[in-house]
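In what follows, a structure is listed as structure tokens, so that the remarks can point back to it.
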Amino acid sequence: MNFLDKIILTISPEAGLRRMRNRLAAEFVVRKYDAATQGGRRNSGWFRSKTTAAEEVSVAANALAATAQELCRNNPLAHRIKIIWASNMVGSGIRGQVATTNKNVRKKANQALSDWAWSTFADFDGHYSFYGLQWLWAATIVESGGVLIRKHVDDKGGKERGLAPVRLQTFEQTMLDATVSKPKVEGHTVLSGIEFDLEGRPYGYWIKNLDRLTGQISNNPPIFLRKDIECIHLFRKERSGQHLGVSWLTQSATTLNKYDTLIDAKLMQDQIAACLGIIISGASSAVGVGNSNSQIEEIEPGMVHYTDQGATVTTVTPPSSQGSAQFMEIVRSDIAIGAGLAHTQVTGDYSKMNFASGRMSKIEFFQTLDYCQKHMLEPGLDTIFRWFSAVYMMSANVNARNVLSCSWTYPPRGVVQPKEELDTLITKVRAGFTTPSAAVKSMGDADGNLETVIEQWKVDKQLFGDLPFDIDPSKFSKAGNQLNVDDAASSNAASPAKKEGDEDAE
């Protein structure tokens, strides 16, 4: 009812009632979405801003990052969410395999990439290998929303160590300087420390200058780094126009914060539930009434307290603490859902889950994991490989005609019944639904390359000699029985032309 309705209703109740009745009838005639209505008992609490993704994350990204960092410092569930996500995305490392038409160049390039990736020289700070940095990047994205990776070329250090002279420096997304307003190139714009070109595409990043001695932001001017040439920005983009990532703990942050309060209240409730006590009021003495003047300020388990007067015994029966376990499970499930994980992944509690439900929850998680690995991390890894290949080809004097490309092998995903998974993979290969190369990659082989596996098999078989190891499928069946090479019915038998001593076969 608006102001005019009130006036009409006061002057003429009949006219006012008719006016309101007609409005209600019109609302029922005009069909609409309930969620789009304004006001009313059900929708009065909606806060629906008409802002863009860029406007929203510009204001909230750093505050959300600070909130998530505080939670990860002190809240065990928040810290576990970060660890679980990073460990699943990266594991022991996403391995790269160099490909080129020249076999000799390919072999040397793969060895150079492996040497560089396993050394702490790849880390500008000298703490992690390239694979350890991958884990750090994934954890930073989950906690702070995004990560910035800067390229350094260290010719002297690389030559001393015999490695490709590329070093990678890691910054949290919060290191973007949002105070910069003057772009490096005329006509460009700057938003949240990111410079955009005339067409609105990211052109470069303004990063705060960090004082290495104190670890604090210095007063020196910010550093400008060109996108993809000197720096890359990795984050999860969920809306068109979004230029910053937000912490993956955002949807669960409020509940995580209240979870600590809930745990404290639960502990206090259990303490009170254990406080069974007895209060004894003593009778009057022969010389008068006693007076202890004692006051009970707290209760303790097994407490017996004496007071004056009455000779009355009172038992203190505390309230029961039962019934809260189920509610705690609901809270933890909401936290897990908000973080994009299964309840069991966050809590580690598998007591109420059977094998089928566990596999189904992982199927949904693996779909999200595919996005994180292939669409969020892999483009950045491709850029880093371009940095590596450019300086490697120059330092190793590789002919420019040998174009180097790289494929990435992700860590194997844990399974409950590995034998069944392996049998399924073998069936897919034999049926032609997948290739042996893809099968090797899916198993998370260290090199992720079928050629490398085959070459190593040749070396191992030569090392075996005549030793009867039953892992050789040309000599032993799947059941472990030795095959008779003279049995023509056996599919594993050698052809007559290849039998030992057959001179015609030579």
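The values are calculated or read from the model by the stated rules, or taken from the named source; none is laboratory data. Model, not experiment: these values are computed from the prediction. Glycine gets a Cβ as well: all are built from the backbone with ideal geometry, and neighbour counts include every protein chain shown.
Values for this structure:
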| quantity | calculated |
| --- | --- |
| Qualifying residue in the stretch 148-156 (condition: under 21 Å from the mean Cα position of the chain (by Cα) and touching a residue at least 60 places away in the same chain (Cβ under 8 Å)) | yes |
| Candidate set: the stretch 83-106, residues that are crowded, with 16+ Cβ neighbours inside 10 Å and polar (S, T, N, Q); chosen: the one nearest to Glu455 (Cα to Cα) | Gln97 |
| Glu238 vs. criteria modelled with pLDDT under 95, assigned to a loop (DSSP other than H, G, I, E, B), within 30 Å of Leu369 (Cβ to Cβ) and not small (Gly, Ala, Ser) | yes |
| Scope the stretch 99-116; condition over 18 Å from Asn397 (Cβ atoms) and touching a Lys or Arg at 6+ places or on another chain (Cβ under 8 Å); matching residues | Ala99 |
| Condition broken by Glu199, with the remaining ones in (1) within 29 Å of Gly93 (Cα to Cα); (2) without any contact (Cβ under 8 Å) to a residue 12 or more places away in the chain; (3) surrounded by fewer than 16 Cβ atoms within 10 Å (Cβ to Cβ) satisfied | (1) |
| Hits in the stretch 347-369 - residues which are surrounded by fewer than 12 Cβ atoms within 10 Å (Cβ to Cβ), assigned to a helix (DSSP H, G or I) and of a type in the set (S, T, N, Q) | Gln367 |
| Failed condition for Cys406, given (1) of a type outside the set (Val, Ile, Thr); (2) surrounded by fewer than 18 Cβ atoms within 10 Å (Cβ to Cβ); (3) not in a helix (DSSP H, G or I) | (2) |
| Selected residue (criterion: surrounded by the most Cβ atoms within 10 Å (Cβ to Cβ)) from residues of the stretch 144-171 that are in a loop (DSSP other than H, G, I, E, B) and of a type outside the set (A, V, I, L, M, F, W, C) | Gly145 |
| Output for the stretch 107-127, where each listed residue is free of Cβ contacts under 8 Å to residues at least 40 places away in the same chain and surrounded by 18 or more Cβ atoms within 10 Å (Cβ to Cβ) | Ala117 |
| Residue match in the stretch 409-428 (condition: under 30 Å from Trp118 (Cβ atoms), modelled with pLDDT of 70 or more and in contact with a strand residue (DSSP E or B) (Cβ under 8 Å, 6 or more places away or on another chain)) | yes |
| From Ala390, Ala400, residue being of a type in the set (Gly, Ala, Ser) and part of a helix (DSSP H, G or I) | Ala390 |
| Filtered residues of the stretch 359-411 (kept if closer than 19 Å to Arg226 by Cα and of a type in the set (S, T, N, Q)) | Thr383, Ser389 |
| Boolean, Ala139 is in contact (Cβ under 8 Å) with a residue 12 or more places away in the chain and touching a helix residue (DSSP H, G or I) at 6+ places or on another chain (Cβ under 6 Å) | yes |
| Selected residue (only one of Val346, Val331, Val403, Val391 is touching a Ser or Thr at 6+ places or on another chain (Cβ under 9 Å), within 29 Å of Gly158 (Cβ to Cβ), of a type in the set (A, V, I, L, M) and touching a residue at least 60 places away in the same chain (Cβ under 8 Å)) | Val403 |
| Matching residues, the stretch 227-270, being surrounded by 14 or more Cβ atoms within 10 Å (Cβ to Cβ) and of a type in the set (D, E, K, R) | Lys227, Asp228, Glu230, Arg236, Lys237, Asp260, Lys266 |
| Residues of the stretch 172-202 satisfying the condition of being within 32 Å of the chain's Cα centre (by Cα), among the hydrophobic types (A, V, I, L, M, F, W, C) and in a loop (DSSP other than H, G, I, E, B) | Ala178, Val180 |
| Among the candidates Val459, Val440, Val391, residue that is among the β-branched types (Val, Ile, Thr) and in the same structural domain as Ala138 (by TED's automatic domain parsing) | Val391 |
| Which numbered condition Arg48 fails, given (1) of a type outside the set (Ser, Thr, Tyr); (2) in contact with a helix residue (DSSP H, G or I) (Cβ under 8 Å, 6 or more places away or on another chain); (3) assigned to a loop (DSSP other than H, G, I, E, B) | (2) |
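Let's see how each residue does on (1) of a type outside the set (D, E, K, R); (2) modelled with pLDDT of 95 or more; (3) assigned by TED's automatic domain parsing to the domain that holds Tyr371:
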site	(1), (2), (3)
Ile194	yes, yes, yes
Tyr203	yes, yes, yes
Leu213	yes, no, yes
Pro222	yes, no, yes
Arg226	no, yes, yes
Ala253	yes, no, yes
